[in-house]
Structures are given as structure tokens and as C-alpha cells.
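In what follows, a single structure is set out as C-alpha cells and then discussed.
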Amino acid sequence: MDEEEKEVNRRTWWIMGIIILALLVSVAVYYIWFQQRQMQEMTEMFTLEKEMWSDEAEEISLQYEGMKYSVNNDSIFALLITEQEKVQRLQEELRTTKSTNARRINELRKEVETIRKIAASYIVQIDSLNKENEDLKQQNTQITKRYQQASSQAAQLSRQVDQLDEKVQRASQLTAVNIQLKPINARGRDAKIDKATQLMLTFIISKNITAPKGEQMIYVRLMKPDDSILIKSNYGFFRYENKDIEWSMTKHIEYDGEEQPVTMYWPVEEYLSPGTYRTDIFVGGNRIGSRPFVL
């Protein structure tokens, strides 16, 4: 009986050993499975985190791209390009870093958060600059309007001054009236044009108290029927409308502002055909009288 009990005890311990071994194996297998499962879950979590921070970096890069088109400051534009390049390098590293490298993923996460703060500060600065630029544009528009108004007023005043000056100039110009041209003979009597020895020109310079007083030079142009001018060998030129033109006769007078008669003679030394002659009288660069005559 003792042998039987011993055999039963041995079998019992053997079974218990097998059970304990089976339990230990089961625990070991479960532990390994649990570790693998935990590692897989962590890998999946870090993969998702990588994708999330990569998307965040992409969004920041797009923000920088948009900011580049809303800023006109060259220095800030260059900084935006530099920061965008940093974000793009960070995106590339996030893409290539293994999901199992938890330490580096955490480091990259911190870098993305730092860059996001920098991007936010740039947005604030650019908004502030754009607001300042808009205020400056409005001020510039107001200044431009004031300048245009002032320029318009100055131009209007200048036109008024020019008009007044023109009126003063017109008012101060001399005027020749009662212009007469007739051929006369050697005795001073009226003659036909082909018998005349002189052409006598008479006119009156009207009274003008605004005209300059003192010595004045009168220039006369006598135009023949063929529109050629009567000139002598000692003829000269005078200035009229920015051109030098020939004169037929000249005469100095002393003008005192009162009405003044003037008589001038043209010695006939050439053949003068009958027809329409014209007389133009000039003083001080202005034509003060003109009249045609049928001789």
C-alpha cells in the first residue's frame, strides 16, 4: 500500500508539474503576445501621430505660401521663404522617420509646434503691416486728392492770371485806325498807280493810356497784288510771332499815350501794276492795323 501511495504521489506531483509548466508557458506566451500587441498599438499610434504632424506641417507650409503673396516687404518675404524651407525639410524628415522611433517623433512634434507659433507670429505681423499699409494708402489718397485740388486751384489761378495778363497786354497794345494808302505824283497830288512817284501811307495811332510811353518803332509791310512784299536794298527784318519777317518801311515816333497821326512815304522806283495792295502795320511785335487797297 505504501508503494501505491508513493506512485500516486509521484503521479500527482508529475501532473502538478506539467500543469505549472503549462501555466508558465501560457503566461510567457501571453506576455509575449501582450508585448507585441502593445508594440503594434504604439507603432500605429506613432504612425497616426506622424501623419497628423505631417499634415500640420503641410498646413503651415501653405500658410507661408499664402503670406508671401500678401506682403510687400522684401525682408519679411525673405524670412517667409526661409521658414517655409524649414517646414519642408521637417515634412521630409517626418516622412522618412520610422514609426518605431518614438524619441525622434516627439522631437519633430516639438519642432512643428515651435514652427506653428512662429507662423502665427508672422500672421500677426503681416496683418499689422497690411493694416498700416491700408491706412497709409488712405492717407496717400487723401493727400493726393488735396494735392489735385490744390493743383487744380493753382492751374485755375494761373489761367486767370494768364487771362488777366492777356487782357492787360491787349489793352496796352496800340491800334492803328483810319489807314489810307494812295499813290501821289511829284507835286504831292493824287495819281494813278502807274504814274505815281510815291505811295503815301497815313493812319492814326489811337489814344491808349495803358500802353508803354516813349520811343516806338513802327514797321510797315506793303504787299503787291501778287503777294510779294515791296522792299528796298536796305531792307531789314523784325520779329513777329517767333519769326523774322521783312519790312518795307520803318519810322520812329515818340508816343505819349494820346492820339497820334503818322504819315509815311514809299518812293516808287519799280513798276507798280494796278490791283489790290495790302498794308500791315506793326509795333512792339504786334500787328496794330491792316487794310487792303485797290489802286
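The values are calculated or read from the model by the stated rules, or taken from the named source; none is laboratory data. Small disclaimer: the values here were computed from a predicted structure and weren't measured. Cβ placement follows ideal geometry from the backbone for every residue including glycine, while neighbour counts extend to all protein chains displayed.
Quick notes on this structure:
- Qualifying residues in segment 249-295 (those that are assigned to a strand (DSSP E or B) and touching a Pro at 6+ places or on another chain (Cβ under 7 Å)) - the one surrounded by the fewest Cβ atoms within 10 Å (Cβ to Cβ): Thr276
- Flag if Val177 is at pLDDT below 90 and of a type in the set (Val, Ile, Thr): no
- A single member of Glu166, Glu134, Glu111 is out of contact with any Lys or Arg (no Cβ under 7 Å at 6 or more places or on another chain), buried (at least 16 other Cβ atoms within 10 Å of the Cβ) and either part of a helix (DSSP H, G or I) or at pLDDT below 80 (or both), and it is Glu111.
- Some residue of segment 245-265 being free of Cβ contacts under 8 Å to residues at least 12 places away in the same chain and not aliphatic (A, V, I, L, M): no
- Identity of the residue in segment 207-224, surrounded by fewer than 17 Cβ atoms within 10 Å (Cβ to Cβ) and among the charged types (D, E, K, R), that ends up modelled with the lowest pLDDT: Lys213
- Of all residues making up segment 277-295, the number that are free of Cβ contacts under 8 Å to residues at least 60 places away in the same chain and either within 20 Å of Lys232 (Cα to Cα) or in contact with a Gly (Cβ under 7 Å, 6 or more places away or on another chain) (or both): 1
- The one condition from (1) loosely packed, with under 13 Cβ neighbours inside 10 Å; (2) in contact (Cβ under 8 Å) with a residue 12 or more places away in the chain; (3) within 60 Å of the chain's Cα centre (by Cα) that Phe237 does not meet is (2).
- Subset tally (residues that are without any contact (Cβ under 8 Å) to a residue 60 or more places away in the chain, of a type in the set (Lys, Arg) and either under 16 Å from Gly284 (Cβ atoms) or in a strand (DSSP E or B) (or both)) for segment 200-234: 1
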